[in-house]
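The values are calculated or read from the model by the stated rules, or taken from the named source; none is laboratory data. Values in this document were obtained by computation on a predicted structure and should not be read as measured data. Cβ placement follows ideal geometry from the backbone for every residue including glycine, while neighbour counts extend to all protein chains displayed.
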Amino acid sequence: MPQELLGDYAVKKDPTVDFILTFKIPDNCNYSTSVDNGVNIVTIKLDEGEKDPSPIYVRYDMDYSMTNGLLTIQFEQQDITDTTTVIYVKKPKVIVTDL
């Protein structure tokens with residue numbers, strides 16, 4: 001099983017935006033975001049030249065709004081056990097259906 005780069009994560013309701021996603025990743029990792037067919041994707045990978053995730057985690061907060069009564073967030077984490085190719089493990093997936 002691949003080693004997880006994602007630490008703690010949570011989605012909470014917020015009065016100024018629909019929801020805030022909070023997540024932690026090692027300080028030698030980076031993330032990018034994109035949207036594909038209504039799915040909000042957070043891709044996490046090790047910084048270039050790194051082989052193992054740091055034990056020190058950094059917290060990030062992101063604002064999200066629902067679309068048509070639905071919020072879907074998919075984390076994609078780099079599989080660092082495979083050193084020959086870059087593979088992303090698609091987990092976890094968060095689906096919010098109610099404000």
Filtered residue count, segment 1-15, keeping only those that are within 9 Å of the chain's Cα centre (by Cα) and outside any loop (DSSP other than H, G, I, E, B): 1
Tell me, please, whether a residue that is closer than 15 Å to Asp27 by Cα, at pLDDT 90 or above and over 12 Å from the mean Cα position of the chain (by Cα) can be found in segment 62-75. no
Flagged in segment 17-51 as in contact (Cβ under 8 Å) with a residue 40 or more places away in the chain and in a loop (DSSP other than H, G, I, E, B), in numbering order, are Val17, Asp18
Take the residues in segment 52-82 that are farther than 18 Å from Lys12 by Cβ, without any contact (Cβ under 8 Å) to a residue 60 or more places away in the chain and polar (S, T, N, Q), then tell me which one is surrounded by the fewest Cβ atoms within 10 Å (Cβ to Cβ). Asn68
Within the bounds of segment 88-97, is there any residue that is in contact with a Phe, Trp or Tyr (Cβ under 7 Å, 6 or more places away or on another chain), surrounded by 14 or more Cβ atoms within 10 Å (Cβ to Cβ) and at pLDDT below 90? yes
Do the conditions hold for Pro26, that is, is it farther than 30 Å from Gly69 by Cα, in contact with a Leu (Cβ under 8 Å, 6 or more places away or on another chain) and modelled with pLDDT of 95 or more? yes
Scanning segment 16-34 for residues that are more than 11 Å from the chain's Cα centre (by Cα) and surrounded by 11 or more Cβ atoms within 10 Å (Cβ to Cβ) gives Val17, Asp18, Phe19, Ile20, Pro26, Asp27, Asn28, Cys29
